[in-house]
Amino acid sequence: MKALVIAASQRHPSQSAKVAEYIRRMIAERAVFSEVNVYDLGKNPLPLWDEGVWRNDPRWQRILEPVARLVTDADAYVVVVPEWNGGVTPAIKNFALFFGERETGHKPLWLVSVSSEINGQYPVADMKAFVSKNNKWIFIPDHTVIRFVHRYLNSPEPASEEEKLLVERMQYSLTQLERYARALKEVRRDFPYDDRFKYAM
Ligand SMILES: Cc1cc2nc3c(=O)[nH]c(=O)nc-3n(C[C@H](O)[C@H](O)[C@H](O)COP(=O)(O)O)c2cc1C
């Protein structure tokens, strides 16, 4: 199985990319997924979606080919998204527009929200309510909110009891991601896709 970690900040470097890299290492160490990749939307920004995507313009094919492969091949996703203006970044909403049920559908997603301050709950609400209808990914029951993100995950070993507990909680979420990834593979086997209903209600 393969995992894809998406760093959804538009900044580079970013705290989201730091956390994404930490999670990449966690996933690699547990060796349940045979491959884990990071796609950093700050380092490799996608242009804003336009109708050329539907026309398969060669320009878009060139841009999307490498990322589409990562997205389609993945059996599970981790989205690390900062709170911006009380919600998710435009970058992750734009990213979601390029993919649909056949690429992202019926695959588990672990949502990790970060904030430099006391917030971080709004991206969870935003993603769960407004960034899943057509992508049809499945949020695992637990999400992670990392407040004051600059203080945490700056080195492989936890720097405090508080960080140790955070990492243990993240390991527990990762266990869920692994289990759901295995189970949902079965759901996708011979899935009877019907493109009339690819846009959910
Ligand atoms: C444009 C912008 C808007 C932001 N809006 C919020 C916000 O609404 N709530 C919040 O807690 N932090 C907000 N922040 C601060 C981010 O939480 C902080 O920069 C965090 O480190 C973002 O992660 P990043 O480094 O991955 O971009 C904002 C930052 C930026 C750049």
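The values are calculated or read from the model by the stated rules, or taken from the named source; none is laboratory data. Quantities reported herein were computed from a predicted structural model and do not represent experimental measurements. So basically every Cβ, Gly included, is an ideal-geometry build from the backbone, and we count neighbours across all protein chains shown.
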- Flagged in region 31-45 as touching a residue at least 24 places away in the same chain (Cβ under 8 Å), assigned to a loop (DSSP other than H, G, I, E, B) and more than 16 Å from the ligand (Cβ to nearest atom), in numbering order, are Val32, Phe33, Ser34
- Item | Hey, Asp142 within 16 Å of the ligand (Cβ to nearest atom), surrounded by 13 or more Cβ atoms within 10 Å (Cβ to Cβ) and either touching a residue at least 24 places away in the same chain (Cβ under 8 Å) or among the β-branched types (Val, Ile, Thr) (or both) or not | no
- Note on the structure: Per the filter on region 49-96, residues under 30 Å from Phe148 (Cα atoms), among the hydrophobic types (A, V, I, L, M, F, W, C) and more than 14 Å from the chain's Cα centre (by Cα) are Trp84
- Query: Hey, among Ser132, Ser113, which residue is surrounded by 16 or more Cβ atoms within 10 Å (Cβ to Cβ), closer than 17 Å to Ala76 by Cβ and under 14 Å from the mean Cα position of the chain (by Cα)?
  - Reply: Ser132
- Query: Right, Ala76: away from the ligand (no atom under 16 Å from the Cβ) and crowded, with 19+ Cβ neighbours inside 10 Å or not?
  - Reply: yes
- Query: Does Leu166 count as touching a residue at least 60 places away in the same chain (Cβ under 8 Å) and in contact with a Pro (Cβ under 8 Å, 6 or more places away or on another chain)?
  - Reply: no
- Note on the structure: Note on region 162-192: residues exposed (fewer than 14 other Cβ atoms within 10 Å of the Cβ) and among the aromatic types (Phe, Trp, Tyr) are Tyr172, Phe191
- Message: Would you confirm whether or not region 148-167 contains a residue that is under 15 Å from the mean Cα position of the chain (by Cα) and either at pLDDT 95 or above or under 20 Å from Met26 (Cβ atoms) (or both)?
- Response: no
- Task: Looking only at region 14-30, decide whether some residue is surrounded by fewer than 18 Cβ atoms within 10 Å (Cβ to Cβ) and in a loop (DSSP other than H, G, I, E, B).
- Result: no
- Task: Those residues that are touching a residue at least 60 places away in the same chain (Cβ under 8 Å) and within 16 Å of the ligand (Cβ to nearest atom), I need them from region 92-124; list them, please.
- Result: Ile92, Phe95, Val112, Val114, Ser116
- With the condition kept exactly as written, say whether any residue in region 72-88 is farther than 22 Å from Phe139 by Cβ and among the charged types (D, E, K, R). no
- Task: Return the residue satisfying two criteria in turn: it lies in region 175-201 and is out of contact with any strand residue (DSSP E or B) (no Cβ under 7 Å at 6 or more places or on another chain) and of a type in the set (A, V, I, L, M, F, W, C), and of such residues it is farthest from Glu35 (Cα to Cα).
- Result: Met201
